[in-house]
Structure formats: C-alpha cells, structure tokens
Amino acid sequence: MNVSVSSRGGLDLRQLVGAGAAACLQGAGYPIPEVVLSAVPCSGGFVARTGHDEFLVAADEAPQLSAASPPWCFQRSDHLIELTGPDWAQALTAVCPHDLRALGGDAWLMATVAGVDVWLRTGPDSSGGLLIGCDPSYGHYLETTLREVVSETESLKQ
Amino acid sequence: MPFRCSDAGSREWIDRSRRIEFSFEGRRYSAHPGDTITSALLANGVVVLGRSFKYHRPRGAFSLANHDINALFSTAEDTNIRGDVTPVEDGMALEAVNVRGTAARDKDRYLDWFGRFMPVGFYYKAFHRPKALFPWFEKAIRQRAGLGTVDTYWRPRRRPKRYAHCDVLVIGAGPSGMTAALEAAEAGLEVLLVDENPHIGGSLDYQWPLDTAEAACPSLAERVAAHSGITVQTKALAVAYYAGQWVPVATDEGIIKVCARGIVVATGLLEQPPICRNNDRPGVLLASGAQRLLRRFGVAPCQRAVVLTANAEGYQAALDLQYAGVEVAAVAALTEAGADSEAAAALTEAGVPRLAHHALYQVHGDNTVTGARLGPIDGSDADAQDYDCDGVIVSTGWAPAAHLLHEAGGKVRYDTELAMHVPSSWPASVVPAGRVNGAFTLAQQTADAVNAARRLVAALTGATVPAVEDWRDHQPHSAEWPIVRHSRAREFVDLDEDLQLKDLEQAAREGFDNIELMKRFSTVGMGPSQGKHSNINAIRILAASNGQGMDATGSTTARPMYHPVRMEDLAGRRFRPQRYTPIHDRHVALSGCLFEAGPWLRVGHYGDEASADDCVAAEVNTVRNGVGLIDVSTLGKIEVVGPDAARLLEGTYTARMANAKVGATRYALMVDDTGVIIDDGVVGRLAEDHYYLTAGSGHAAATARTLKRHAVEWGLDAHVVDRTGQLGALNLAGPLSRSVLARVSDMPLDEASFPYLNIRETRLCGYPVRLLRAGFVGELAFEIHMPAAGMGAVWDALMRAGADAGIAPFGVDAQRILRLEKGHIIVGQDTDGLTTPFDAGMSWAVHLKKPFFKGRGALAHLKGKSPKRLVAFALPTGYEGPLPRECHLAIRDGDIVGRVTSIARSPTLGRPIGLAMIERGLVEDDALLTLRVDNGQYITAERVRAPFYDPDGERQRVASEEVNS
C-alpha cells in the first residue's frame, strides 16, 4: 500500500463565527465558499464554510482581520495529519465510515475517523493526499491509530 | 480417490494437475487444490463426517452450500469449521466435532437408542429432582451435546473491519445477480457484486447443462469481469441488512461494512428436504448438493442412487448423475412437475425406472445409506418396494433466501402456484431478482433481473420507476407435503437440533401452536444453519396441526446475522479514543500516575503508586500551605457569543447570568426538564455579547450540544463554540499562588484589581490567556485558560517561578480531597439521575424569580418537597478502621436510608470525612449516621456541618499571601 502518515505543521487555523463573518473574510481578501460544508483554496490553505455564519480559515499566516469586524475569531490548535500517496483512500476505509468517493479535488468533509470527529480536506488533485484535522487532545491517538492501520494493511498485503 | 470422476468438467473449481495431502481422524488422504474438506473426504469414500447434536446419529454432507452443520471439523487451532465450503489445505489435520472416538464409531452413538426418553423440551421438564444430581446431569449433557469444543485458553483475535460504498450492491453472482449488475453498471452506476463462493456463476456452474447456460447467458461471467463499473468480491457473504442500507459482508479478510444506495437481492433459493424415516443418513443429499459436488469438484456422491423429485431440477440432477457414471436405480416423482422436461425424457430414453406419484418411505442403513424404500404417495408400507443404493438424492422443494429482504422490511407470501414462498413487497431501494423472486428458468431469471435493476436504477436516479413485471414461473417446483410418517419415527425436520416430526407435533399439542412459540420451545431453526432447511417444513407441520394455511401460520422473524459470523470478525478493530492534555509529556516526566477519566488520561497523583496515600497527602498539604499546580485542561471550555448570548445562558442555567457584570463570573448549575442536576461550571462574562464558561470534564460535549440546541429552539442570535480540546487550563492554588503568578504576569493581581469570582484576559509567556478567580479547592487560586500550544511554556514558567516557594504539581486525587474538605460537590458523584439542587443543598443556586429557565417549572414544584438531602459526616480523629466507600449504605433500624457519595481521609483535618445522600426525615433528627461497610460491618459516623474547612471562605478571598504566617 502506497501511503504514508505524517504530522503537518505550518498552518494557522482560525474559527470565525457570527453574522458578518463572510463579509469580514471578504474584506480581508479571502475567498468565500458559497455552499455550507465546502471549502475553497486560499494562500497555502483553505477557507471552509462550516455553517451559515461559521468559517474555518487555514492559511500560512494568521488572517489580518479588521478590528471593527463583527464576528468572533478564535484560534484553533487542531492536530493536523497528512496522508500522502495514491492509496490514502484505501487506508482510510479501515477507519472511516463515510463515503470517501465524495472527496474529489478541493473537497471538504466533516467526518469521523477511528471514532474521532475530524475534518478532511483534499487539495486540487485528490490523488495527492489528504489533510486531516482533529481536536488536539485526540491527535496522539488518531495519528498512532492511522500509523497502525497503514502498517497492518501493508503487512496483510505481504 | 475412488469417487473422483475421471473426466474433468469444464466448470470445476479444482486443480487436477496438483495434489495435496491432509488427514482426518489420523488417516491420510489426498485431494486437489480447490477441494473443500467435504468434497475431498467424499472423493476418498469417507461418508460419515460427523455426529448429530443430540442423538449422536451419523451424519454427512447435505447441501454443499454453507449450511452443512453436521459436517463440521476441528483443527488444533480452530473448531466448527464448515467442511462443505472450507478449502482443504495441504497438511491439514482434521477431526470431527462432537464425537468420542471417531465419527464412524462414536462412543456416544448409544444415545440414539434412548431417543424416546429425550422428547422435545425434555430439558425443561427433567433433572429437577433430586436437585443434588443436577450438576452431574448438566456436566454429562454439556459433554455430549453440542458442537466443537472451545479452547478456553483461546487467545483473543481481532480482524479489522473496513467500509465500502457503492451505488448498487448486488448480492449473489448467479445468472440474475450478474445480469442485474451489468444492467446497473450500464446505467452508469458504481456496482459492487458479492458472492459467497470463490467463483462467480452461482447456479450456472452446476445446475444447468453447459450448452443451455451458454445459450441463455452468453459469456455472462466474462462480461461482468470485464466491466469497469463492476467490482466483484468473491468469498464474500452478505450476512445482514441494517438501517441506512448498511450490509456487513463477511470475507476471509474480515467484515466489510458496505453502504449502498440500492441493493439487488439475488440470493437464490435454498433447497428443502423431504421428511421420512432416516432421512438424515449419510448418503442422503439434496439434489443441488449432489450437483455442486459433481460439477464443481468432480466427485460422484455415490455409485448407485435413488432420486426423489418434485420438479424439473430433480430430473436434471438424476440425468447429471447418470452422465457422470452413477447408476440411477429409480426416480420417484412426488408430483407431476418436471415430468415433461427434457431431462425426464432423457432418463426414460436411457431406461431409468420412473415412478410417478411415489414418495420416499424410508432410508435404509445403519451408518450410511444402503437402500431406499419407495412407495405410492397414498399407499401403505405393503405397497412399497426397496431399492439397493448408496445414495439418495432429493429435490422436493425450495425456499427463497430472502432473509436480507426480510430485514430490509420486505415481506413474503406463500404462492400456491409455485408451492413455495415468494417476496410480496419490498422497499424501492432493496429489490429481489431471479430465483429468490420465483423466476426459475434462465430466461425468466434474466428478464426478472433486468426489470429489477431498471426499477432500482430509476429509483436511484429519480426517473419514473417502471412497473414490476411478472417473470415468475407458473408451475410448482415444490411438493406441498413432502412428508411421510413412519411408525418407528426418526423422521428428521431439523438436522441442527435433532428435531423430528413427532417433536414438532408434540410441541403444537402442548400449546406451542404459534410458529414463534414453537421455535423457542423446540429450538427448530435455532441451530447454526438458522433453519435454512427446517423452517419451511416446520411451518408445514404446524399449519397441518392447526388446520391453517401456510400464510396464516406465518414465519419466524429474520434477524441479523442470518449466517454465523466469526467472533474475531464481529470484534473488529478496537477503537478506544484517548485524549491527552497539552502537557501530557510533562506529567509522564514527573512520574504522574495516569488514570482514565472517560476518554481523558489524567494524573491521579505524582510519585510512586506504592506510596500513593502519602503522595496525595503531601500534595494536599502543599496546596493548603504553599502553592500547587494542577492541569485542569479536561474542563469543558465553551464560548457563547452573539447579541442573544445572555438570553441563552439565562434560559439554560438556574442562576441569573444576564445581570453579571463584564469581568465577573457566576457559579452555573444546569438542570434538565425535571429539575435534576446534569452539569455545573463557571460562567464568566467577557463582554456584553461574549461569555466564556466551563463545564464538567465528562459533560463538556453534552453541555455544548444543549446550548446549541437551545439557541436553535429558542430562535436566538447566539453562537456556541466548544473549545474544550483547543484550550488548555491550569489551576494555580494555595496561599502563595498570587505571588507566584505575579512573577510571570504583568497584570495587577491584587484583590482590588482582580477580586474573587472575576475573570480577566491577559498574556502569559506571550500567549493570550484568561484568568479566573475560582475556589474549587478552597484556597486562593487562579485558573489559567490558554491555547493548547501555550500550556507547556506557562507550566514551565510557573514551576520555575514557584520553585523557591516549594511549588509542586498535584493530581486529581488531591484535588478531590481538597474540594471535599471545602464541601464542594462533584456532579455525577455526589448527585445521581434523581438529584435536584434542593437535594444537594444548593437552593442558593436556583433563582426561581427568573421568569424562565430550563427546569424552572419542575423546581418551582419541588421546592420544599425535597425527599433527600446531601449531608456531611466525619469519623473520629485518628480513626484507622475500615473506611466506607462511595455507595456504601446508610442504615437505620435495618432499613436503607441513604448512601455515601464521597469519602476521604482528610490530611488537613486528620480524620475521614464524607458526604452522604440521606432521607430528608433524618436530616434534622440524627446526630449520628450508621454506615454499613465491607463485610457487612457497621460503623457510626458523626454528622457535621459542611464545609469541613474554612467555612467562612476567608482563604479564597484572602488579601495577602501571608495568611499562614
């Protein structure tokens, strides 16, 4: 199985909630996904619409938002795990009940992996890999589990 | 291999070019790769493969269709291996199950002689007296009845499950399943085709002449295999249907949980046996079983056969046997069905005796079949004739394998034309196709599958769903009454459970005259084959007994799993999510003893487990007299923002929240509609439209969900963000905490600038933090909430800053003692599913003057009527006796009057202290509390007033760190 699991750093994550969140992001030059539970790419990361007035912004740097903006902005410390290699979807079938066929390019899915709530994000080319974000307290468990799954699946193949 | 046919068939599964060796009961045999255990043994002339469940009668192969529970085997590693479908492996050392000695010479075979003393339900009625002998009977029965022996030193194994999604799941890769799969795939849908066999083809590869199959379904398997829209999974048995269109598929690699938008049930039919005396003898085979054996494995089931049929399939089976070199002594026909078939004509032409309107009266032979007695259906034994044979091949009826359809909500009815059950209704997204739907000929099956697939595709794509077309056959394929009674009984209905015709009739006479009751009393259909060959005949017998029709008699309920599944497959991978706090590594480095608090790993205390009490006492003393630091990251941490944030909290908690000033905190108690306490925490107001609140460690997610639900239900413009895992939290506690914190903070911390029960936002070590003046442990204390990333830096800075003050980390064990000394409750420990704030002595936290909050109505009603009360008690100073435990009972005059909710030896007070929930009537009366502890001992505790420590709360508001000096 051609897939590897690694921690991913270097992304600043912010959660914006409240009426005006979309306008605030637009004002700061960020693209806005039209559809709830979808994402669009932005500087090194993405903007995901997690609710009508809720957004998750993952970018190389913290967004420069206007101080007068109405929404509330909270820093997120999600544990980020990257699955790379063409077989990442196959590896995930051992731990994720969701229909991963929906994950094409630039896709976003809020799902459960190994019993933990996560978000899944693919880049423009979904075959390139998958970014998984989870509550930081579950980070160690989830990453360990994913490594075990990949390792067991590889040994089964042999 | 004397029974192996010399000519290789074109559809064989075996590789005749290679041989493998295996042993059965110590004797060595050879086989070909691709053979199952059963086919390999039959090829070698071994016919007795096991012993029956109750009477230890000899048994053998029957269906070759994964239902032969009398041909189970064990190896050194495994037991209850199904010989009819498990491939034999080179070097395999097999034993029969449920035998003493060998299958052919079982030492318990004498039990069959005493069968009359073991009628249906005898185990409910016998062995009651003398009672002392029951254990002996139990042991004897357990040794002799049953299946394989479980190795009690069995090492648990798990085979991970995995998930799969598709548009259409087709179950069964016979002609109908393959046709439906192609039809759905051609419509652009993603198809998963599963079949329990190692090769696709289903009945095509054993039940139809090659030219007939090819003419009706040209290159069907090849077209399926070549289609890019179809994924084929063989050796994959769909074992259940669950809501949401989830179907677990058992494979050699574990269970695949398949979720399909649409499902085609092309599971075919289960052949049903006739009932007559000794119909269980090894050598009696279902016709389809004989054909599987012949076509797939090249094994002749016998040398001279008698065939009993009630359909065209039986004639075809007889003809197949004759072509394979088996002498067919006679073909007896229960009905006219199939008598005009090509196969029947070919048999006549070949000179095979055909007996119309004849039944199988009896099978002869002690250990295996040596003959069969055939006679007119309406005749008597005197009219019957014996035929020498070593095999009896029977084809007297069918039942649809509609279990998954049942589980999906489908129904069946008895079709008098076909003389069998057929599906009568089904969901739009789960459709039957082919033989399971009563379509018998290949043309019928193909047309029915096309119609089923088109209907399913239309339903999935939103197109107009075509009408259901009737492609069912219009002649019977089953005998309505394939049962011949014999005066000496031994007419078996259920081969799993050794149930005879007389057993079911007796059950009906005893009043178990409903099919569900009969099943439970007699255990018919409750063996490993789950009634696949017994249920239909059981319904027939009950229908006859009750004078009812088949539909009026009904059928038992199909439940998941419809076929036994290995325990290791059901177990799957173990998911046990664990949460680490942001400074987990530091706790490990400091020798923190970790324990599981729900999903969280928390520190009980620091230091040796062996000296836990001393470590905890030292930590308590550190907090009481100096300064301690605890990781409280597990606390629920929730932001509530928006113009209606105050209204949301006002309606959710019992206390006033809307009038809290910015910068202030309030104790927050949450109750449900019935007024029962469900959570508590602290609510801090950061702005007019921004609150930050804490919740119990185990209740954070539920509290966040409740708040979100309230916001929606009440139509409020408020947002709830659960940041429990995103933020970490520390509690710096003790009289020296302020001075230690001052060394790392620029913010003024004096009482005037930052009073008790206030919240402030500032920065520590470069990280944004929130400071809360809270008093859970009853000392001057600062809760510090911050991003997870900052926890390590702040922890290290505080430990450095407090080094000369003797700062030490403390764990949950010490924290629990500290809060108990202070008389603070823990929701879920000191409260239960019935505890109201009044019971817990917290009426001060309930503001009934508020016009509305969740649970207000109940609390207004309950005020002053509390039936119980949380009280404090203490044991004498220096008490060294047995310490009560949480949930030990309070007793008065022999009656239970309450229970201990918290208990600990207080290092500060030098005596054990605790809380107990007791009946209200005793609250004012008794100065003493009698507690029943381990071993039924009673001890007496003194009732005291809470808090035990610092009752005036001076230490939490202390203006100076010099309180101890």
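State the number of residues belonging to the stretch B:136-147 that are over 23 Å from the mean Cα position of the chain (by Cα) and part of a loop (DSSP other than H, G, I, E, B). I'd like the intermediate steps shown before the answer.
Residues of the stretch B:136-147 that are over 23 Å from the mean Cα position of the chain (by Cα), as a first pass: B:136-146.
Going one step further and asking which of them are part of a loop (DSSP other than H, G, I, E, B), we end up with B:145-146.
The total comes to 2.
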For this session: Can you tell me which residue among B:15, B:7, B:68 is among the acidic types (Asp, Glu), outside any strand (DSSP E or B) and under 30 Å from residue B:152 (Cβ atoms)?
Result: B:68
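Is it the case that residue B:756 is within 18 Å of residue B:668 (Cα to Cα) and surrounded by fewer than 23 Cβ atoms within 10 Å (Cβ to Cβ)?
Details: within 18 Å of residue B:668 (Cα to Cα): yes; surrounded by fewer than 23 Cβ atoms within 10 Å (Cβ to Cβ): yes.
In short, yes.
In the set B:214, B:222, which member is more than 14 Å from chain A (Cβ to nearest Cβ), closer than 25 Å to residue B:319 by Cβ, surrounded by fewer than 24 Cβ atoms within 10 Å (Cβ to Cβ) and of a type in the set (Asp, Glu)? Full working, then the answer.
Values: B:222 fails: closer than 25 Å to residue B:319 by Cβ.
Just one listed residue meets the conditions, B:214.
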Exercise. Which one is surrounded by the most Cβ atoms within 10 Å (Cβ to Cβ) among residues in the stretch B:1-56 that are under 18 Å from residue B:97 (Cβ atoms) and charged (D, E, K, R)?
Worked result: B:51
Problem set entry | Search result, residues across the stretch B:102-132 that are surrounded by fewer than 16 Cβ atoms within 10 Å (Cβ to Cβ) and touching a Gly at 6+ places or on another chain (Cβ under 7 Å) | B:107
Problem set entry | Single residue of the stretch B:685-730 satisfying the filter (away from every other protein chain (no Cβ under 11 Å) and assigned to a loop (DSSP other than H, G, I, E, B)) that is surrounded by the fewest Cβ atoms within 10 Å (Cβ to Cβ) | B:715
Exercise. Can you find a residue in the stretch B:741-762 that is at pLDDT 95 or above, under 19 Å from residue B:660 (Cα atoms) and in contact with a Gly (Cβ under 6 Å, 6 or more places away or on another chain)?
Worked result: yes
Exercise. Does residue B:639 qualify as being part of a strand (DSSP E or B) and of a type outside the set (A, V, I, L, M)?
Worked result: yes
For this session: Can you confirm whether the stretch B:14-33 contains a residue that is under 34 Å from the mean Cα position of the chain (by Cα) and farther than 19 Å from residue B:533 by Cα?
Result: no
Exercise. Inside the stretch B:577-614, can you point out the residues that are away from chain A (no Cβ under 14 Å) and touching a strand residue (DSSP E or B) at 6+ places or on another chain (Cβ under 7 Å)?
Worked result: B:590, B:591, B:592, B:593, B:595, B:603, B:604, B:605, B:606, B:609, B:612
Exercise. Which residues, taken from the stretch B:619-633, are away from chain A (no Cβ under 14 Å) and buried (at least 18 other Cβ atoms within 10 Å of the Cβ)?
Worked result: B:619, B:620, B:622, B:623, B:624, B:626, B:627, B:628, B:629, B:630
Seminar exercise, completed: Taking the stretch B:265-302 and keeping only residues that are touching a strand residue (DSSP E or B) at 6+ places or on another chain (Cβ under 6 Å), buried (at least 24 other Cβ atoms within 10 Å of the Cβ) and basic (Lys, Arg), one is left with B:281
Problem set entry | Counted residues, the stretch B:230-264 - those being away from chain A (no Cβ under 14 Å) and either under 23 Å from the mean Cα position of the chain (by Cα) or part of a loop (DSSP other than H, G, I, E, B) (or both) | 10
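In the set B:206, B:153, B:124, B:163, which member is within 14 Å of chain A (Cβ to nearest Cβ) and among the aromatic types (Phe, Trp, Tyr)? Steps first, please.
Values: B:206 fails: within 14 Å of chain A (Cβ to nearest Cβ); B:153 fails: within 14 Å of chain A (Cβ to nearest Cβ); B:124 fails: within 14 Å of chain A (Cβ to nearest Cβ).
Only one candidate passes the filter, namely B:163.
With the structure loaded, tell me whether residue B:586 is assigned to a helix (DSSP H, G or I), crowded, with 17+ Cβ neighbours inside 10 Å and touching a helix residue (DSSP H, G or I) at 6+ places or on another chain (Cβ under 7 Å) or whether it fails that test.
Numbers: assigned to a helix (DSSP H, G or I): yes; crowded, with 17+ Cβ neighbours inside 10 Å: yes; touching a helix residue (DSSP H, G or I) at 6+ places or on another chain (Cβ under 7 Å): yes.
Against the criterion (assigned to a helix (DSSP H, G or I), crowded, with 17+ Cβ neighbours inside 10 Å and touching a helix residue (DSSP H, G or I) at 6+ places or on another chain (Cβ under 7 Å)), residue B:586 qualifies.
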For this session: Quick one: in the stretch B:190-202, of everything that is in contact (Cβ under 8 Å) with a residue 60 or more places away in the chain and farther than 18 Å from residue B:34 by Cα, which residue is surrounded by the most Cβ atoms within 10 Å (Cβ to Cβ)?
Result: B:194
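Quick check on my filter: what residues within the stretch B:81-106 are part of a strand (DSSP E or B) and not small (Gly, Ala, Ser)? Steps first, answer last, please.
Narrowing the stretch B:81-106 to residues part of a strand (DSSP E or B): B:81-82, B:87, B:93-96, B:101, B:106.
Selection gives B:81, B:82, B:87, B:94, B:95, B:106.
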For this session: Can you confirm whether the stretch B:155-174 contains a residue that is closer than 24 Å to residue B:567 by Cα, among the β-branched types (Val, Ile, Thr) and crowded, with 20+ Cβ neighbours inside 10 Å?
Result: yes
Problem set entry | Whichever residue in the stretch B:855-912 is surrounded by fewer than 17 Cβ atoms within 10 Å (Cβ to Cβ) and hydroxyl-bearing (Ser, Thr, Tyr) and, among such residues, is farthest from residue B:613 (Cα to Cα) | B:877
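The values are calculated or read from the model by the stated rules, or taken from the named source; none is laboratory data. Keep in mind that this is a model prediction, so the values were computed, not measured. Ideal geometry is used to build each Cβ from the backbone, glycine not excepted, and the neighbour counts take in all protein chains shown.
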